[in-house]
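Student: Take this structure first; my questions come after.
The values are calculated or read from the model by the stated rules, or taken from the named source; none is laboratory data. Quantities reported herein were computed from a predicted structural model and do not represent experimental measurements. Because the Cβ atoms are built from the backbone with ideal geometry, glycine has one as well, and the counts that use them run over all protein chains shown.
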């Protein structure tokens, strides 16, 4: 009986060792893949919310009490493999200010900024590159203190820029882009603002 138990224990031990060896090998392969992925892509983001309040007590020099808030998101995802480099960026921000004597919140920041640039290496540290940049806002804009008539909206305006040129990239953290060929389009996707010829478009047109 003892001999049978010994054989069984040896068999089980052999199975456990075999399984551990397989798991270790699988982990090593996953680490290799993860390391390779990390080298190809560089990603990151920062986000935050800032709030401030101004309170005045027996203040003779003038001024108003106020409350303000600002939120932002800055993210990037950059790809580099072989001769190819692809950089992507997203910047979003929104802020408001409320003064004590005002019945409304005044917008102090409002942006959506998306940029994508792709290039192929021409020679060391220099790339033939193309860039696309899109900018707009999220919320209505007003000519304060009038808050009944919007002077800007989401996609009104929006700006689309395309460029082609040479990109100098000495490392993963610095880029200098020179673009002799650049085109820009202004979009006004709002009937009222378009009819008024806002942002330089011809009256009734939604782009230029």
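Student: Quick check on my filter: what residues within region 51-78 are at pLDDT below 80 and loosely packed, with under 13 Cβ neighbours inside 10 Å?
Tutor: Residues satisfying the conditions are 55, 57, 58, 59, 60, 61, 62, 63, 64.
Student: Could you identify the single residue in 82, 48 that is modelled with pLDDT of 75 or more, loosely packed, with under 10 Cβ neighbours inside 10 Å and under 30 Å from residue 143 (Cα atoms)?
Tutor: 48
Student: Taking region 153-182 on its own, how many of its residues are closer than 28 Å to residue 201 by Cβ and not in a strand (DSSP E or B)?
Tutor: Here the count works out to 3.
Student: Turning to a different aspect of this structure: What pairs can you find where one residue is in region 45-56 and at negative phi and without any contact (Cβ under 8 Å) to a residue 60 or more places away in the chain, the other is in a loop (DSSP other than H, G, I, E, B) and surrounded by 10 or more Cβ atoms within 10 Å (Cβ to Cβ), and their Cβ atoms are less than 7 Å apart, with a gap of 6+ or different chains?
Tutor: Short answer, once both residue conditions are applied: 54/65; 55/65; 56/63; 56/65.
Student: If we scan region 129-150, do we find a residue that is out of contact with any helix residue (DSSP H, G or I) (no Cβ under 7 Å at 6 or more places or on another chain) and more than 28 Å from residue 72 (Cα to Cα)?
Tutor: yes
Student: Let me ask something else about it. Report, by residue number, each residue of region 85-106 that is without any contact (Cβ under 8 Å) to a residue 24 or more places away in the chain, surrounded by 11 or more Cβ atoms within 10 Å (Cβ to Cβ) and more than 30 Å from residue 130 (Cβ to Cβ).
Tutor: The one that is without any contact (Cβ under 8 Å) to a residue 24 or more places away in the chain, surrounded by 11 or more Cβ atoms within 10 Å (Cβ to Cβ) and more than 30 Å from residue 130 (Cβ to Cβ): 105.
Student: Here's another thing I want to ask about it. Please go through region 136-159 and pick out each residue that is surrounded by fewer than 16 Cβ atoms within 10 Å (Cβ to Cβ) and closer than 23 Å to residue 86 by Cβ.
Tutor: 159 - this is the single residue of region 136-159 that is surrounded by fewer than 16 Cβ atoms within 10 Å (Cβ to Cβ) and closer than 23 Å to residue 86 by Cβ.
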